[in-house]
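Have a look at the structure below, then the notes.
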Amino acid sequence: DLKLLHKELKEKGINKPEFNDRYINLKEKVDVLSIFLMQNNTVNGAITSIKNIFKEDGTGIILSTIHKAKGLEFGTVFFLDPWRIPSKYTTTAEHLEQEENIRYVIITRAKQSLFFVNLEDLS
């Protein structure tokens with residue numbers, strides 16, 4: 001639960017939990033699952049969709065966070081909601097530099113094609 005993690009990180013003295021790697025990773029997972037649930041209306045429908053899209057033999061779509069894609073390359077990459085970088089929560093020059101580094105990671109993963117996709121335009 002994002003709220004519980006946020007509270008836990010605050011209790012550990014982290015002033016801005018939304019910048020913490022654990023929080024970011026969990027939020028990205030929640031966002032991805034939310035997309036599948038919105039498209040399917042039921043948990044079983046979302047599970048079926050995920051199984052149909054992501055193949056265990058490596059021939060399907062690979063859905064990855066930017067952080068997990070670091071060091072990997074793919075023929076085609078879809079950068080979802082590129083307008084989110086830099087984050088609206090970026091408050092310092094150091095954070096802005098980190099955000100630009102994240103942008104660099106995603107745009108350098110594609111070997112042949114890179115597509116920028118605004119999810120809001122698809123709904």
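Points to keep in mind about this one:
- Accessible surface ranking for PHE79, PHE116, PHE74, PHE36, 1.4 angstrom probe, highest first: PHE116, PHE74, PHE36, PHE79.
- Which label in (1) 27; (2) 37; (3) 20 gives the computed percent of Cα pairs over 24 Å apart: (2)
- 1.4 Å probe accessible area per residue over the chain, in Å²: 75 Å²
- Accessible area of the chain belonging to carbon and sulfur atoms, whole % at 1.4 Å probe: 55 percent
- Close amide H contacts of PHE78 (hydrogens built in the peptide plane, cut-off under 5 Å, sequence separation of 5 or more or a different chain): PHE115.
- With 0.36 nm allotted per residue and the present C-alpha distance subtracted, the LEU26-ASN44 stretch has 4.3 nm of extension available.
- Taken about its Cα centre, the chain carries a charge dipole of roughly 220 debye when the Cβ of each Lys and Arg holds +1 and the Cβ of each Asp and Glu holds -1.
- Sum of side-chain charges, THR91 neighbourhood, beta-carbon under 15 Å (Lys, Arg +1; Asp, Glu -1): -3
- At full extension, LEU33 and GLU97 could sit 20.2 nm farther apart than now, given 0.36 nm per residue minus the alpha carbon distance.
- Computed [θ] at 222 nm, deg cm²/dmol, the chain (DSSP H ≥ 4; -39,500 (n - 2.57); rounded to nearest 500): -15500 deg cm²/dmol
- Radius 15 Å from Cβ of LEU33, net charge of other residues (Lys, Arg +1; Asp, Glu -1): 0
- Each of LYS51 and LYS16 was given a label point 7 Å from its Cα along the Cα-to-Cβ line. The distance between the two points is 4.2 nm.
The values are calculated or read from the model by the stated rules, or taken from the named source; none is laboratory data. Note that the coordinates shown come from a computational prediction; the quantities given were computed from them, not determined experimentally. Quick reminder, even Gly has a Cβ in these numbers, built from the backbone with ideal geometry, and neighbours come from all protein chains shown. All accessible areas refer to the heavy atoms of the entire protein, side chains included, with ligands and DNA or RNA removed. Shrake-Rupley method; radii C 1.70, N 1.55, O 1.52, S 1.80 Å.
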